[in-house]
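A short write-up of the structure that comes next.
The values are calculated or read from the model by the stated rules, or taken from the named source; none is laboratory data. Not measured: the values here are computed from a predicted model. Cβ atoms come from the backbone with ideal geometry, glycine included; neighbour counts cover every protein chain shown. Accessible surface areas use protein heavy atoms only, side chains included; no ligands, DNA or RNA. Shrake-Rupley method; radii C 1.70, N 1.55, O 1.52, S 1.80 Å.
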Amino acid sequence: MNTSCLYLQQKIALIFLRLRTSFHHLPIHHVWSCSLKLIQVSRAILKLRPDKSTGPDGLSPKLLIETCDLISYPLYLLFRKSLGETKIPDDWKRATVTPIFKRRSRSSGQNYRPVSLTSQVGKLFESIIRVCVVHHLEKNMLITDSQHGFRKGRSCLTNLLEFLDKVTGCVNAGDGVDVIFLDFAKAFDKVPHKRLVLKLKSHWIDSKLLDWITDSLSNRFQRVGIRGTVSEWCSTGLGFGTYTIPHLY
């Protein structure tokens, strides 16, 4: 095994934060459940980008698009079974990580950004779940209006424009303005999964979908690949390459 692969594998696996402290349960209101339809699967397949790389299972998005009429119903049955049993296939939990150099010394594992290749079929189902969850949260105004990241029609630009408008109004009114900027390193990678699931529960997500999300976040494995050489599979708590983590965060 390439020693570089093993070294970077160990560094990346150390990022995840395992929650060790206790915390209070959040209030629970009425429950919302996710219903899956065949048309959702077909539309999600046709939205795939054919130039994207395959995951460890070797299934390409181009293949899924070209066989959409044939594969939509079998995948619909597979997704329903996965959601009904609150379990996802082990192949969907595996990621091949390619380290991309960022800055400074190449000999330090902290100076590489991990880019993960996971199952396209798994990400397809995650994209459907993501759309359903985000729709529920926005419909019931469970996301603060000041949240701009990972929301349709919003971006860093809309965030800056809103901020500028607020500051300009304060300055014109003669009020002082103090600004504090925070940058959380590897924020998505360090989200404690137990706390995340409890927060979703407080936002009226039903138990089956919660159990499915919990299972999708647990028992994940990754390996590092560099120039055709890969490390051994390693257990990790990270959800690298998934569609759900950034939006759930």
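Overview of values
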item	result
Listed peptides 103-112, 122-131 by packing density, highest first (mean Cβ within 10 Å)	122-131, 103-112
Percent of Cα-Cα distances greater than 25 Å, calculated over the stretch 31-149	39 percent
Gain upon complete extension [W204, L63; 0.36 nm per residue less C-alpha separation]	47.1 nm
Pairwise FRET efficiency - D145 versus C170, Cβ, R0 = 25 Å, nearest 0.05	0.85
Selection of chymotrypsin sites (Phe, Trp or Tyr not before Pro), the stretch 169-227, meeting DSSP coil and at most 12 other Cβ within 10 Å	F181, F184
Label point 7 Å beyond Cα of L38 along Cβ direction - residues of the stretch 60-101 with amide nitrogen under 16 Å	68-81
Extended-chain gain in nm, criterion 0.36 nm per residue less alpha-carbon gap, K81 and N159	24.1 nm
Accessible area (Å², 1.4 Å probe, nearest 10) - R113	120 Å²
Computed magnitude of the charge dipole of the stretch 92-143 (debye, nearest 20; Cβ of K, R +1, Cβ of D, E -1)	380 debye
Cα-Cα separations in the stretch 130-176 greater than 14 Å, expressed as whole percent	60 percent
Accessible area (Å², 1.4 Å probe, nearest 10) - D175	90 Å²
Potential lengthening between D90 and R195 on full extension [0.36 nm per residue; Cα-Cα distance subtracted]	35.5 nm
